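As structure tokens, the structure follows; a few thoughts come after it.
No value in this document is a laboratory result; all are computed from the given coordinates. What you see is a predicted model, and the numbers here were worked out from it, not measured in a lab. Note that each Cβ is placed from the backbone with ideal geometry, even for glycine, and that neighbours are counted across all protein chains shown.
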Amino acid sequence: MYFENATGGYEWDASKIKDAHAWCKSQVSSGMSEETSYIWFPAKGATFHDWSKIFVANTFTQELEMEGYYELAAQYGYMVVSLICENRHGGTNLHNVPEEKIRQMEERFQIKL
């Protein structure tokens, strides 16, 4: 979403990737901290966070890249569930990431079951 322009077009800029990751984490933090954005279901002793869901679509390849999100989840009482999307459909490289970089990302990919 960080790279979407005002008309909804996608304008990828590799030089801004650190800014995009910082923006993503900031958005998650804001969403978790603003109780007014949550749906309140008082049944069975539920809390705001029991019924709130926040989805983060990002390119995490190592657990350390998610540490900040785990910390936010602990701070605001969220449970973290990770979904791993596999490229079994021969997807396209929309960002023109060099094949060598993709290989490096694949080699450092960690999964903890």
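Quick notes on this structure:
- Most to least packed among 72-81, 5-14 [average Cβ atoms within 10 Å]: 72-81, 5-14
- Close amide H partners of V56, meaning residues 5 or more places away or on another chain with modelled amide H under 5 Å apart, do not exist here.
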